[in-house]
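The structure under discussion appears below in the form of structure tokens.
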Amino acid sequence: MLEGDLVRLRALEPEDADRIHPWGSDPEVGRWMNTGYPRSLAQLRKHAEERPVNNYELVVLGIEADGKLIGIVDLRDAVPEVGNAELDIYIGDAEYRNGGYGTEALRLMCRYGFNHMRLHMITLWVVAENERARHVYRKVGFSEDGRHREAFVAADGTRHDMILMSMLRGELK
């Protein structure tokens, strides 16, 4: 468990599926994410029951504030030989957006990746028009490395560029 002033990061539990399920139908959550096909609560519960344990290649943690789950952050596709991993994060609970919760969760997870997993670099992809997220990523130390043109397809079928961002060990602010 990782603790900050606003949030704590903890392993997800199967019962978290009930809290996560409504986030899948929130247009603000899905706007800039590849959410895949809709899943029923039963499907999400089954997935939660069968979720692999956290390991070096994939660490998925719930973001908790005020005693309730508000989002998810993960480091995935970690490769120990090169010390790289990719990060995903979202705040599913609308009440906790724009309050610094995601920023603190991001810092905690990056610190965990660099200090405990001994990563050298953490990368992420963000939709170019998602300026709010890009601002937060830059604020904690990520740099923009490149652009993948029209790589993201929004729910309405429009295409958007994706920005590759990265942070090296020692760059976390």
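Extending 7 Å from the Cα toward the beta-carbon at both ARG132 and ALA154 defines two label points whose distance is 1.4 nm. The mean sequence distance of close C-alpha pairs (under 8 Å, at least 6 residues apart), as a share of the length of the chain, puts its relative contact order at 19 percent.
Using DSSP H assignments, which helices in the chain have an axial alpha-carbon span of 18 Å or above and a mean Kyte-Doolittle hydropathy of -1.0 or higher? The qualifying helices are 101-115. In the chain, the portion of solvent-accessible area held by carbon and sulfur atoms comes to 49 percent [1.4 Å probe, whole percent, DNA, RNA and ligands not counted]. Each of (i) 16.5, 55; (ii) 15.6, 43; (iii) 17.7, 53 is a candidate for Rg and Dmax of the Cα atoms in Å; the one calculated from this structure is (ii). For the pair LYS68 and ASP5, label points projected 7 Å from Cα toward Cβ lie 2.3 nm apart.
The listed residues LYS46, LYS68, LYS173, LYS139 rank as LYS173, LYS46, LYS139, LYS68 when sorted by accessible area, largest first, using a 1.4 Å probe. In the chain, if the dipole is taken from +1 on Lys/Arg beta carbons and -1 on Asp/Glu beta carbons about the Cα centre, which of TRP125, SER40, GLY146 is farthest to the positive end? After comparing all options, I get GLY146. Per residue, the chain exposes 57 Å² of solvent-accessible protein surface, assessed with a 1.4 angstrom probe and all protein chains in place.
The values are calculated or read from the model by the stated rules, or taken from the named source; none is laboratory data. Since we're looking at a predicted model, the values are computed, not measured. FYI the Cβ positions are ideal-geometry reconstructions off the backbone, even for glycines, and counts take in every protein chain you see. Side chains included, ligands, DNA and RNA excluded: accessible areas come from the protein's heavy atoms. Shrake-Rupley method; radii C 1.70, N 1.55, O 1.52, S 1.80 Å.
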